[in-house]
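One structure below.
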Amino acid sequence: MDSMRIGVLGTGIVGRTIGTKLVALGHEAIMGARSPDNETARAWAKENGARSGTFAEAAAFGSMVFNCTNGMASLAALDMAGAGNLEGKVLVDLSNPLDFSQGFPPTLSVSNTDSLGEAIQRAHPGARVVKTLNTMNCGVMVDPGRVPGRHSVFVSGNDAAAKQEVSDLLRAFGWRDIIDLGDIGTARGPEMILPLWLRLMRTLGHADFNFAVMRAENADDES
Ligand SMILES: NC(=O)c1ccc[n+]([C@@H]2O[C@H](COP(=O)([O-])OP(=O)(O)OC[C@H]3O[C@@H](n4cnc5c(N)ncnc54)[C@H](OP(=O)(O)O)[C@@H]3O)[C@@H](O)[C@H]2O)c1
């Protein structure tokens with residue numbers, strides 16, 4: 001696929017892993033943080049021959065923007081990114097609404113009748129929000145082959161063209177079983193599966209696993 005300009009909002013392990021993969025695929029990326037002096041973002045940029053800046057600078061730069069911020073702070077972070085900088089952009093939302101304030105296991109700060117993906121779309125009606133990749137560890141997000149066999153990634157969003165663009169990128173990451181669940185309201189399910197994912201991580205003792213939707217058709221597909 002053609003090289004894109006991508007803003008990566010978030011300096012945690014997810015932002016760094018996604019950013020590194022995007023640069024490796026030939027895309028231009030800026031990592032955004034609250035402060036333009038964020039040391040983690042600067043170090044990542046230096047290591048990857050990329051740039052770093054504020055959330056607003058990263059969002060303004062990208063034709064596509066990844067939200068890799070803490071789910072409890074994503075609305076605030078996207079507010080800092082600026083609605084104008086997100087207008088018309090594909091906003092790939094990887095965040096989970098996990099509230100660790102009472103320890104482990106976290107609770108979901110929003111669920112059942114709403115989701116963080118929907119809240120982000122409501123807060124930024126001009127952005128083309130696509131919820132995806134939140135149901136697995138970030139190592140698996142960018143390298144699905146590290147879990148053998150055919151397993152699944154979900155996409156939810158109101159804009160079909162945006163989901164197509166994101167699916168193209170997912171294929172470049174190595175994904176084959178990409179399941180379009182429907183509009184952004186369908187982000188509820190992938191967000192509400194997190195309690196199961198977190199318990200599995202504790203039980204299995206590692207994060208190199210994923211959910212596979214097994215069905216009769218496409219039985220020969222891989223990853
Ligand atoms: N870890 C995984 O493998 C995994 C898998 C699936 C989904 N996720 C989701 O991906 C997201 C990122 O996870 P992570 O572990 O990489 O990082 P994280 O520690 O959850 O989030 C770090 C980012 O959140 C920003 N942030 C924190 N508090 C903020 C506030 N009050 N206002 C604005 N921004 C704030 C930080 O900004 P600064 O850079 O300025 O400090 C930083 O960029 C989360 O929503 C997580 O649930 C994680």
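The values are calculated or read from the model by the stated rules, or taken from the named source; none is laboratory data. Since the model is a prediction, treat every value here as computed from it, not as a measurement. For neighbour counting, all protein chains shown are included, and Cβ atoms are generated from backbone atoms with ideal geometry for every residue, glycine included. To get the accessible areas, we keep the full protein, side chains included, count just its heavy atoms, and leave off ligands, DNA and RNA. Shrake-Rupley method; radii C 1.70, N 1.55, O 1.52, S 1.80 Å.
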Elements of type helices (runs of 4 or more DSSP H) in segment 124-223, at least 1 residues being farther than 17 Å from D93 by Cβ: 138-141, 160-173, 194-204
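One line per residue, one yes/no per condition, for (1) more than 16 Å from the ligand (Cβ to nearest atom); (2) in contact with a strand residue (DSSP E or B) (Cβ under 9 Å, 6 or more places away or on another chain); (3) in a loop (DSSP other than H, G, I, E, B):
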residue: M1; (1), (2), (3): yes, no, yes
residue: G7; (1), (2), (3): no, yes, no
residue: R16; (1), (2), (3): no, yes, no
residue: V23; (1), (2), (3): yes, yes, no
Quick check on my filter: what residues within segment 140-172 are open to solvent by 10 Å² or more (accessible area, probe 1.4 Å) and within 16 Å of the ligand (Cβ to nearest atom)? V142, D143, R146, V147, F154
Specify the residue that is farthest from the ligand (Cβ to nearest atom); the eligible residues are those in segment 72-92 that are open to solvent by 10 Å² or more (accessible area, probe 1.4 Å) and not in a helix (DSSP H, G or I). G88
Scan segment 7-44 for residues that are open to solvent by less than 60 Å² (accessible area, probe 1.4 Å), touching a helix residue (DSSP H, G or I) at 6+ places or on another chain (Cβ under 8 Å) and under 17 Å from D79 (Cβ atoms) and report the count. 5
Exception for E47 within (1) within 13 Å of the ligand (Cβ to nearest atom); (2) open to solvent by 60 Å² or more (accessible area, probe 1.4 Å); (3) over 17 Å from the mean Cα position of the chain (by Cα) falls at (1)
